[in-house]
Amino acid sequence: MSREQEDQERPCLHCMMVELIDDFFAEYPAAAASDKVDADEADEVIDAIAKTVAELTSQQDGVIRQQVIEELMRQIMHYDGEFRREEATSAGRAKDRSLLRGSDFWSLKFFLAV
């Protein structure tokens, strides 16, 4: 089986993790009901990911563990930049639309869980 076929048949791990996290907080909410991620939920997800990475690399030598941690940090910064650019683009479009309608664009609030 080719790598491309494998990728098509293999589920998206990120999608599965997001679904699992959503299901977890739907069943065990950390705070009052909200569509936004609060600080407690973000901390809990960060802790879970950190423990998972530590467990997956626990049998590796120190150099490999350090490389994995550095790669994780690079990926976090990469995707953070992607999401911020996407948000800025969306906000720019919203601003253009709100100016056409005469509404106050600056009244929009953005929530970022870092």
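How far, in nm, would the chain grow between residue 82 and residue 40 when pulled straight, counting 0.36 nm per residue and subtracting the alpha carbon separation? Working shown, then result.
On the way: separation 42, 0.36 × 42 = 15.12 nm, distance 2.38 nm.
Roughly 12.7 nm would be gained on extension.
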(request) Work out, step by step, the length gained on full extension between residue 21 and residue 63: first 0.36 nm times the residue separation, then minus their alpha carbon distance; give nm to one decimal. (result) 12.1 nm
(request) Would you tally the net charge around residue 60, using a Cβ to Cβ cut-off of less than 15 Å, leaving residue 60 out, and scoring K and R as +1, D and E as -1? (result) -3
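Any read-out appearing in this document is the output of simple, stated calculations on the displayed coordinates, not a laboratory observation. Since the model is a prediction, treat every value here as computed from it, not as a measurement. With ideal geometry, Cβ positions are generated from the backbone for all residues, glycine too; neighbour counts draw on all protein chains shown.
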